[in-house]
Amino acid sequence: MSASRLYPQAFADLQSGSLDWTTLSVKGILLSEAFSYDSSLIYRDELDESFVIATSSEMGSPTFSNNVAGGLPIEWLQIADNRRAHHIVLFDDTGDDAYSPLIAYLSADCVDGLDSPIDGANYYLYPVQPPGGYFSYGLASEVIGPVNTYSLAYSLALAESEGGAVYSIPILVFGLEIAANPRICLLPDALDVDQCGPPTIRSSLCD
C-alpha cells in the first residue's frame, strides 16, 4: 500500500476550485525518515521543522489538463544534510506559512530515488512522463499519478481497481539533474580517426 496522500483539506479545495493549481506557488519540502504523515495538518507552519531537510524553489509553469496537475521539475539546489531524504510534501507558498496550504504527501514507496543521501548536489523531483503530472484529482478520472483521484478516498495503493479495471500508478522520480549531450566522443584506435557515438543522457556531474 502506497503511503502517498493528498491532504484532505487541499483535496476538497482543489475539487471545489477554491485552490487553482495553475495559480499556486508550489514548492516541495524534503523530509527525513522520522517524519510521518498526519491528515489533520492543513498549513505549512504545522509541520515540525525538526524533520525538514530543505525547501525547494518554486515550481515553474504549473498546468492542469485532463485532470492532471503538472508543471516543470521541482528543484532543490546545492543541499547537504547528514540525514537521508525519505518524504516529500508539496505546498502552496503564499508568503505566510500560517496560510500556506499543504497539498500532497509523497513517500519513498511512490518516488523512485527515495530514500536518498543528500550530499551537496542539485536535486529534482521529476513529474510522471507521460503525461507529465504530479498527480490527478479529477472526479472518477483515470489514475495517472501517485495520488488517488477518487473523492471518497484520497489514499491509494500502487494499483487500484475501479469497475473491474486495474490501473497501475507510475511513480515520480527524485534525483540529480539530468542533462542531454548532443553526442559523446569515444577514444579512437588511431589519432586521426573521428569516432563518436549517438546522443546520450548523462548526469550533470559528468563532463
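The values are calculated or read from the model by the stated rules, or taken from the named source; none is laboratory data. Treat the numbers as computed from the prediction; the structure is a model and nothing was measured. As a convention, Cβ positions derive from the backbone with ideal geometry for all residues, glycine included, and neighbour counts pool all protein chains shown.
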TODO: Note down all Cβ pairs under 9 Å where the first residue falls in segment 54-70 and is touching a residue at least 40 places away in the same chain (Cβ under 8 Å), the second is basic (Lys, Arg), and they're at least six residues apart or on different chains.
DONE: 56/27
Task: Considering residues of segment 3-43 that are aliphatic (A, V, I, L, M) and closer than 15 Å to residue 136 by Cα only, the residue surrounded by the fewest Cβ atoms within 10 Å (Cβ to Cβ) - done: 12
TODO: Hey, could you check segment 1-39 for residues that are charged (D, E, K, R) and in contact (Cβ under 8 Å) with a residue 60 or more places away in the chain and say which is farthest from residue 99 (Cα to Cα)?
DONE: 33
Open item on the list: Any residue at all in segment 2-24 that's touching a Phe, Trp or Tyr at 6+ places or on another chain (Cβ under 7 Å) and β-branched (Val, Ile, Thr)?
Closed with: yes
- [ ] Could you tell me which numbered condition residue 82 fails, if it satisfies all but one of (1) touching a residue at least 12 places away in the same chain (Cβ under 8 Å); (2) closer than 18 Å to residue 123 by Cα; (3) out of contact with any Asp or Glu (no Cβ under 8 Å at 6 or more places or on another chain)?
- [x] (1)
Task: Evaluation of residue 25 against (1) in contact with a helix residue (DSSP H, G or I) (Cβ under 9 Å, 6 or more places away or on another chain); (2) under 25 Å from residue 175 (Cβ atoms) (one fails), failing number - done: (1)
- [ ] For segment 7-28, name all the residues that are among the aliphatic types (A, V, I, L, M) and under 17 Å from residue 62 (Cβ atoms).
- [x] 10, 14, 19, 24, 26
Task: Given (1) surrounded by fewer than 17 Cβ atoms within 10 Å (Cβ to Cβ); (2) out of contact with any Ser or Thr (no Cβ under 9 Å at 6 or more places or on another chain); (3) among the polar types (S, T, N, Q), number of the condition residue 56 does not satisfy - done: (1)
Task: Residue tally, condition at pLDDT 85 or above and either more than 15 Å from the chain's Cα centre (by Cα) or polar (S, T, N, Q) (or both), over segment 102-154 - done: 8
